[in-house]
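For reference, the structure discussed in these notes is given below.
Just so you know, all these numbers are worked out from the coordinates, no wet-lab data involved. As the structure is a computational prediction, the values presented were derived from the model and not from experiment. Cβ sites come from the backbone with ideal geometry, for glycine too, and all protein chains shown count toward neighbours.
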Amino acid sequence: MGVEDRIEELEEKLQKTPVNKATEKERGRIKSQIAKLKEKKQKLAKGTGDTSGYAVEKRGDATVALVGFPSVGKSTLLNKLTNAEVDTGAYEFTTLEVNPGMLKHKGANIQILDVPGLIGGAADGRGGGTQVLSVVRNADLILIVLDPEEMREEEIMNEVYKAGLRMNKQPPEVRVEKKDRGGINVSATVDLDVEEETIQDLMYNNGYSNAEVIIREDLDLDRFIDALMNNRKYLPGIKVVNKADMIEDKSEYEEYDLLISAEKEEGLDDLKDMIFDRMGLIRVYMKEKGEEPDKEEPLILREGDEVADALEILPGDMKDRFKHARVTGPSSKFPEQKVGEEHELQDEDILQLNLRHI
Ligand SMILES: Nc1nc2c(ncn2[C@@H]2O[C@H](COP(=O)(O)OP(=O)(O)OP(=O)(O)O)[C@@H](O)[C@H]2O)c(=O)[nH]1
Ligand SMILES: [Mg+2]
């Protein structure tokens, strides 16, 4: 039996299994088997080099993937946000390959990928969905584009989920430490809804014989399985509703991040800011002694980055030559504060490096 058939069989079995405490262990087993088979399938697809037509080199400071069903306006949006000139059309599946474009915003070069529209079952490989979703996996942010005429939101989120993508979710707070003996030990810092026995069972089924499992959140079966799989991807995401020019009552869409009109160029500045923020990008202005800071071409870093991270991406052997830095801005206590490599930078800091001459 092929991997696909086996998955289908297990999914049917899961459907037929009632959801209650008595069946929890059984459901856990089935779910975990499905997860493993899907991982295998993903690996097989990679092995065939199936992604060749879609492979796009990552460029710029960060990458955004546009995700949506056909005709929601992804290509129109790409063209308005970037220098790209991709065909758009009133019919479905206008776009059949991955089209990149570059958005320059706040000094950052943000690559935007317009990928072919998904169809239901995309995560299972329908309509080249596996390849499309593998491009999305490599992005730094998912931009979900919805059409008010036909939202199908649950459907698209389901495809994203089935592809192992977890949008706007933190990785589960689970730590697994392998041991030499003692079986599977579960300890939790919160009350757990899932039975300890179920967790032990899942551990055994995933190849662990002796391990310490420490759980710090009240998670469900699916999230515990996520913690055991290493092909899950946790990405920030934004949900926009496009074609706002067609919407009469905008108040119905308050739960979404933004209402935009790609065609009429409405809401696009807000969208650009949101992309920059959600990816956690920060600008650091480099400054030479006695000169003005360079505000045109900031160094683009990520929230939490330190002076050391700046040294890493700057050209030249900065790390070896670094003596100290002077920082003026949101992260400094006072102007020109003297700091070391481990100083955490913030958006719009001005950074001056004091380097050894070699
Ligand atoms: N009214 C309105 N129409 C829009 C807007 N944005 C896009 N459209 C129209 O929607 C249709 C589909 O746009 P595309 O950009 O080709 O959609 P797509 O998501 O790239 O579609 P596929 O490539 O087939 O997946 C075109 O007729 C566009 O003119 C908008 O903001 N308002
Ligand atoms: Mg298109």
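Just checking the listed ones, Ile313, Ile110, Ile199: in the Gaussian network model of the chain with Cα springs under 10 Å, the one fluctuating most is Ile313. Rounded to the nearest 10 degrees, the inclination of helix 268-278 to the longest alpha-carbon principal axis of the chain is 80 degrees.
With no solvent and one point per C-alpha, what does the Debye sum give as log10 I(q)/I(0) for region 49-113 at q = 0.19, 0.28 Å⁻¹? Once normalised to I(0) and log-transformed, intensities are -0.74, -1.27. Computed per residue of the chain from DSSP H runs no shorter than four, each worth -39500 (n - 2.57), the mean residue ellipticity at 222 nm is -8500 deg cm²/dmol. Loop-located chymotrypsin sites (Phe, Trp or Tyr not before Pro) across region 51-110 with a Cβ neighbour count of 10 or fewer within 10 Å are Tyr91, with loop assigned by DSSP. Report note on the peptides 262-273, 70-81: ranked by the mean count of other C-beta atoms within 10 Å, highest first, their order is 70-81, 262-273. Highest GNM mean-square fluctuation, the chain, Cα pairs closer than 10 Å: which of Lys250, Lys31, Lys233? Among Lys250, Lys31, Lys233, the largest GNM mean-square fluctuation belongs to Lys250. Bridging of Lys319 to aspartates and glutamates at a Cα separation below 18 Å is possible for Glu288, Asp305, Glu306, Asp309, Glu341, Glu342, Glu344, once same-chain residues fewer than 8 apart are set aside. The eigenvalues of the Cα gyration tensor, multiplied by 5 and square-rooted, give region 282-355 an equivalent ellipsoid with semi-axes of 15, 14, 13 Å from largest to smallest.
Taking a ≥ b ≥ c as the square roots of the Cα gyration tensor eigenvalues, region 207-358 comes out oblate, since a/c reaches at least 1.5 and a/b does not exceed b/c. Taking 0.36 nm per residue of sequence separation and removing the Cα-Cα distance, the Lys319/Arg302 pair yields an extension gain of 4.3 nm. Cα-Cα over 24 Å: which of Lys31/Lys74; Lys36/Lys58; Lys31/Lys233; Lys74/Lys106; Lys16/Lys233; Lys43/Lys74? Flagged as over cut-off: Lys31/Lys74; Lys36/Lys58; Lys16/Lys233; Lys43/Lys74. Judged by the ratio a/c of the largest to the smallest principal axis of the C-alpha gyration tensor, the chain counts as oblate, that ratio being 1.5 or greater while a/b is no larger than b/c. Dipole check for region 282-355: with +1 at the C-beta of Lys and Arg, -1 at the C-beta of Asp and Glu, and the Cα centre as origin, the magnitude is about 340 Debye. Backbone phi angles across region 341-356, fed through the Karplus curve with coefficients 6.51, -1.76 and 1.60 (θ = phi - 60°), yield HN-Hα couplings of 4, 8, 6, 7, 8, 10, 4, 6, 6, 9, 10, 10, 9, 9, 10, 6 Hz in residue order; Gly and Pro are listed as x.
Each Lys and Arg Cβ is given +1 and each Asp and Glu Cβ -1; about its Cα centre, the chain then shows a dipole of about 1540 debye.
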